[in-house]
Amino acid sequence: MAETGADKNAVIIKKYANRRLYNTATSSYVTLDHLCQMVKDGVEFAVYDAKSGDDITRSVLTQIIVEEESKGGQNLLPINFLRQLISFYGDNLQFLVPRYLEHTMEYFARNQEQMRNYMRDTFGGIFPFGRFEDLGKQNIAFFERALKMFAPFQGVPGNSEAGDAPPAASADAASLADLKSQLDSLQRRLDSLNPQKSDKSK
C-alpha cells in the first residue's frame, strides 16, 4: 500500500467510478472542496479506489492543489518552482526532493505561528515582505548547496580501490558543516522574531 501519512484513525474516503467521493465516517458524498477543508482543519483522511482498493490519496491531494491553483489570486506554486520540480523527475537526485520539500514545509509550519505573532504585534497584520523574502532566499541557497554536495560523487568509477576517499570529500564535509551552521543561524533569526519567546528563554 502506498504511503499516505494517515494514522489508523484516519477518515476513509472511497472514490467510485463516477468520480464521486464518499465519506464513510459521515455516510455522505463529498467534493474536493470538502476534502480541502478537512486538510485545513487538520482532519486526517485516506482515499481508496472503491473498486480496486488502491490507495489514491496522493493523486486526490494533487487534484486539490490543481483546483486551488486554478482559483484566481490563490497561487502558491510559482511557475519557476513548477518547472524546476518537473525537471527533477527521472533525475538521479530525484530521491532528495521529496524529503527536502517535506522538511521545508515542516520547518515553515513549526514557525508559522511565530511569524503570525510577529506580523500582528509589529506590523498590525501587514506582511514584512523583505525580511521573510531573505529567509526564503537562504532556504533556497541551502538546498542548492545540498545538491552540489552530491556532485563530486557523480561519475566516480565503481572499481575504485577500497579505502580511497571520494573526490573532494573534505570539501563536502566543510560544506555540510557550513550548511548546518547557516541553518542554526536561520533558526536563531526566526526565534528572534518573537521577543516574548526570547525573554522566556533567558
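The values are calculated or read from the model by the stated rules, or taken from the named source; none is laboratory data. Quick caveat: nothing in here was measured; it's all calculated off a predicted structure. Neighbour counts are summed over all protein chains in view; Cβ atoms, including those assigned to glycine, are modelled from backbone coordinates with ideal geometry. Note: accessible area is taken over every heavy atom of the protein model, side chains too, but ligands, DNA and RNA are not part of it. Shrake-Rupley method; radii C 1.70, N 1.55, O 1.52, S 1.80 Å.
Go through the residues of region 57-69 one by one and say whether even a single one is assigned to a loop (DSSP other than H, G, I, E, B) and small (Gly, Ala, Ser). Reasoning before the result, please.
In the first step, residues of region 57-69 are kept if they are assigned to a loop (DSSP other than H, G, I, E, B); the result is none.
There is no residue in region 57-69 that is assigned to a loop (DSSP other than H, G, I, E, B) and small (Gly, Ala, Ser).
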Original post:
Is there any pair with a first residue in region 92-119 that is modelled with pLDDT under 80 and a second that is among the basic types (Lys, Arg) whose Cβ atoms are under 8 Å apart and which are 6 or more apart or on different chains, and what are they?
Top reply: Gln114/Lys197
Original post:
Where residues in region 74-99 are more than 22 Å from Gln63 (Cα to Cα) and in contact with a helix residue (DSSP H, G or I) (Cβ under 9 Å, 6 or more places away or on another chain), which of them is least open to solvent (accessible area, probe 1.4 Å)?
Top reply: Leu93
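State the number of residues belonging to region 44-62 that are farther than 21 Å from Leu76 by Cα, open to solvent by 60 Å² or more (accessible area, probe 1.4 Å) and in contact with a helix residue (DSSP H, G or I) (Cβ under 9 Å, 6 or more places away or on another chain). Please lay out each step first, then the result.
Applying the first criterion (farther than 21 Å from Leu76 by Cα) to region 44-62 yields 44-56.
Now restrict to residues that are open to solvent by 60 Å² or more (accessible area, probe 1.4 Å): 44, 51-52, 54.
So of that shortlist, the ones also in contact with a helix residue (DSSP H, G or I) (Cβ under 9 Å, 6 or more places away or on another chain) come out as 44.
Residues meeting the conditions: 1.
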Original post:
Do you know which residues across region 15-43 are open to solvent by 50 Å² or more (accessible area, probe 1.4 Å) and in a helix (DSSP H, G or I)?
Top reply: Asp33, His34, Gln37, Val39, Lys40
**OP:** Taking the residues in region 100-125 that are charged (D, E, K, R) and either more than 15 Å from the chain's Cα centre (by Cα) or open to solvent by less than 60 Å² (accessible area, probe 1.4 Å) (or both) as candidates, determine which candidate is farthest from Gly42 (Cα to Cα).
**Re:** Asp121
